[in-house]
1. Return yes when residue 379 is over 27 Å from residue 22 (Cα atoms) and touching a strand residue (DSSP E or B) at 6+ places or on another chain (Cβ under 6 Å) and no when it is not.
2. If a residue has to be part of a loop (DSSP other than H, G, I, E, B) and in contact with a helix residue (DSSP H, G or I) (Cβ under 6 Å, 6 or more places away or on another chain) to count, how many in segment 142-165 make the cut?
3. Evaluate the following for residue 282: is it modelled with pLDDT of 95 or more and out of contact with any strand residue (DSSP E or B) (no Cβ under 7 Å at 6 or more places or on another chain)?
4. Among the helices (runs of 4 or more DSSP H) lying completely within segment 318-391, list those that include at least 1 residues that are out of contact with any helix residue (DSSP H, G or I) (no Cβ under 8 Å at 6 or more places or on another chain), crowded, with 17+ Cβ neighbours inside 10 Å and modelled with pLDDT under 95.
5. So, residue 448, is that one closer than 28 Å to residue 297 by Cα and part of a strand (DSSP E or B) or not?
6. Condition first: over 28 Å from the mean Cα position of the chain (by Cα), without any contact (Cβ under 8 Å) to a residue 24 or more places away in the chain and surrounded by fewer than 18 Cβ atoms within 10 Å (Cβ to Cβ). Can you find one or more residues in segment 104-119 that meet it?
7. Is it the case that some residue within segment 514-536 is assigned to a loop (DSSP other than H, G, I, E, B), on the phi < 0 side of the Ramachandran plot and at pLDDT 85 or above?
8. Residue 99: touching a residue at least 60 places away in the same chain (Cβ under 8 Å), crowded, with 20+ Cβ neighbours inside 10 Å and over 29 Å from residue 493 (Cα atoms), yes or no?
């Protein structure tokens, strides 16, 4: 790739794909694919669905007779595991590696598709022996280990519904999710490793179950070897169950035929306030959406080594660690621990060791690694990489450039994807054959119609900020909020009738490229001027001393609201009063005098959700001495 000529590109730098990237791309002409989808939406998605296995083909692609409760592939019979596992073990892929796992301590385990299928069948039989059947809920509260993937697939295989809870969440978060989902079984581990420390998961499960009607059974994976309390008649060791004579000798389990609209999983969103929402995704449409986007956006080939650095406990892990890569027959790398343990080159060592060719991570992680400079990645051979990806929040141009230059060595296109827990799949995203603009999520994926509208619901002019909406249904969309359909309608469909409201502000340039600004409520109004927090934070990070920043607005006698900034410095930077003045001048220069912050506080960390979103309401509550509200979704 090469940077475009700024003189001929009003919006700034543009990076065009090389001839080799275009020639090898699964989608060489993204515009032709968009045209095909726009001319006949249902025919386009039917064509993609036909690439997968169905027990019975659908009668109707899309049923929109009861908006906004859309249904996809109506009458179709399927099971996502039939596509993620079963179909591969009937081909040469049975002996292909499905998963390469490395622990934080360096332990390595690998699973072929055949081996993974065997373990999934065995654990499906374990769950069935515990009385779990179609429609029952299973809570999975685990570290980033292979058994997490096995438990998810085993639950789906028998038609039950999994609720994965991120292993860093608190007792309160776990308790609420178990109670709300009315789970029949909990799958956990004695603990997990992060930054060299043991996270005591079983202890947290025990405390959570003291506060609610206990599920019938708790399955515990022995991972750390740490001694844990086991309650007789309720708690069982995973390895004991998997070696029971009945399970050991019966390594087959029939995959349950599901209706396309049967629920596959529920996943609780972080939300900014109030009770987390349990988003419902189904077997049929979800599998089509994640498979198509994975294949097209990350250009997956048989020989690729794919690494999504996320945790299975959030939607990126569901869609692009577990389901999409397996449906596509890919080989995935999975790493348990922290990116900087024991040194800041752990990720780059993994890329080199396993020959990772496509890597998908978060802007938060990129900025965190930027703090340590380029010497760490330069210690390793990263030549196996051919594509990079970003997810979780808008990536600021400075982080984009660092990632492109120091990790991609100026040859790897960056797929900056915008999507949500609710959407299930990528919605606005480039593809490798497209021209890229640092900081832009590019254009809607084929079959997705997105727009930016004003308060009146009408499209705004190019370059103007507005509300991001989706105007057509898509297969992987959420179907409802678990046990609360009214909340589903009110939250997503009531503001602009007929349009899905994403809750993000954005702008669209004259080329049709989308620039995601941030959550609608992440706007500060100073002396009548609206300033986006993402814009301000990006300006901070463009300073050579700053690794990350968060800004909030606090009451001010004269301005009404004044800007307060929290800044994380790079490892080689020193905190001084002079630097404070320099940063204030930098912001005034980059954004304007009105954006000059009132105060700048240097911090070591920021409150974030696991997906990397900064919880500014927590910073604001702390600054004002107010109740911080629900903290269960914070990463730490």
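The values are calculated or read from the model by the stated rules, or taken from the named source; none is laboratory data. Note that the structure is a prediction, hence the values are computed from the model and not measured. Glycine gets a Cβ as well: all are built from the backbone with ideal geometry, and neighbour counts include every protein chain shown.
1. Values: over 27 Å from residue 22 (Cα atoms): yes; touching a strand residue (DSSP E or B) at 6+ places or on another chain (Cβ under 6 Å): no.
No, not satisfied.
2. Of the residues in that region, 3 qualify.
3. Numbers: modelled with pLDDT of 95 or more: yes; out of contact with any strand residue (DSSP E or B) (no Cβ under 7 Å at 6 or more places or on another chain): no.
For residue 282, the condition - modelled with pLDDT of 95 or more and out of contact with any strand residue (DSSP E or B) (no Cβ under 7 Å at 6 or more places or on another chain) - is not met.
4. On the way: elements: 324-327, 346-354, 363-370, 375-378.
Correct list: 363-370.
5. No.
6. Within segment 104-119, not a single residue is over 28 Å from the mean Cα position of the chain (by Cα), without any contact (Cβ under 8 Å) to a residue 24 or more places away in the chain and surrounded by fewer than 18 Cβ atoms within 10 Å (Cβ to Cβ).
7. No, segment 514-536 contains no residue that is assigned to a loop (DSSP other than H, G, I, E, B), on the phi < 0 side of the Ramachandran plot and at pLDDT 85 or above.
8. yes
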